[in-house]
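What follows is one structure encoded as structure tokens, with my remarks underneath.
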Amino acid sequence: MKTSHRPASGSCPSRRGTLQKLTAVILTISLVSSSSSGLSTATADEPPQNLQIYVLMGQSNMAGRGELQKTREPLQPRIQMLTKEERWVPASEPLHFDKSIAAAGLGASFAVRMAESDPQAVIGLVPCAVGGTPLSRWQKGEDLYEQALKRIRTAQKNGTVRGILWHQGENDSLDLQKAESYARRLAKMVDDLRTDLNDADVPFVAGTLGDFLSNDAGGKPYHWKTVNAQLQLLPGLSARTAIVDAGGLKAKSDGVHFDTPSLRTLGERYADAIQQLQKSTAQK
């Protein structure tokens, strides 16, 4: 006759109860950890949510031509970037894709500083800059303006635009008439962007051209000082704008593009300026 071997009454339910409690604890720890880091609980295949979005616009000194690190590592766990294909991925340099020579830029140090200043923030960078381009192509209705607007609207599905960064003017320095009308034309672009984004308060920060630039370009006058003087007029033409001074920073051997250490410093100056504008807007 076979003997039945059954566990003592209540032993199986007790073990199941213990396992259920353990599972609940592990899940709670996981959620708390995710929340405390400021990151979305979405999976790797899902886009991040509640991003603080910053748009990078202009020409090559915004796109970045500094020397890259040998290894391409993410900038910081709480910094994302919108790729050329309009997908959110962890940000790493080069942020831009305008040309094959795109490299280290000011956007990286800007984003790191912004993330460090707010431990709960998840930063979303929207690279739009294209090297060698004039301001005219960034006017409403022109190709680069419309491309940037499309990318910004895509980004807005996952967050809020908290600021626009601009560095451009080297191209317009080649023509005196364009240089002398720079502030008025840039202010119009800023106003159009704010109207199209339905946000009259979004901060806009532009940087001056490097004071290492030559006064001569291929035997012709180079009016970069005029463009810099025009940039200083922008806050008087358009509210909630600021100008970052690039004075004292250094160029690469080409004499046109900021070197990597200078780009890091410039990015931090942009962050400081954006934060000041954000504070003043919040106090309205």
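Toward the positive end of the charge dipole of the stretch 52-282, about the Cα centre and with charges on Cβ (Lys, Arg +1; Asp, Glu -1), which of Gln232, Gln177, Gly132 goes farthest?
Gly132
Let me have the relative contact order for the stretch 52-282, percent, based on Cα pairs under 8 Å that are six or more residues apart.
About 24 percent, as a whole number.
Rounding to the nearest 20 debye, state how big the charge dipole of the stretch 52-282 is about its Cα centre with +1 on each Lys and Arg Cβ and -1 on each Asp and Glu Cβ.
The dipole of the stretch 52-282 has a size of about 280 debye.
Give the calculated FRET efficiency between Ala251 and Asn50 to the nearest 0.05, with a Förster radius of 51 Å applied to their Cβ-Cβ distance.
Efficiency, rounded to the nearest 0.05: 0.85.
Which whole-percent values make up P(r) of the stretch 52-282 when all C-alpha to C-alpha distances are grouped in 10 Å steps starting at zero?
P(r) for the stretch 52-282, in whole percents per bin: 8, 36, 39, 15, 1, 0.
For the stretch 174-189 and the stretch 94-152, what is the centre-to-centre distance using only Cα atoms, to the nearest Å?
When both Cα centres are located, 21 Å separates them.
Rank-order 156-167, 109-120 by packing density, defined as the average count of other C-beta atoms within 10 Å over each peptide's residues, highest first.
156-167, 109-120
Any read-out appearing in this document is the output of simple, stated calculations on the displayed coordinates, not a laboratory observation. Fair warning: this is a prediction, and the values are worked out from it, not measured in the lab. Heads up, the Cβs are rebuilt from the backbone with ideal geometry, glycines too, and the neighbour counts pull from every protein chain shown.
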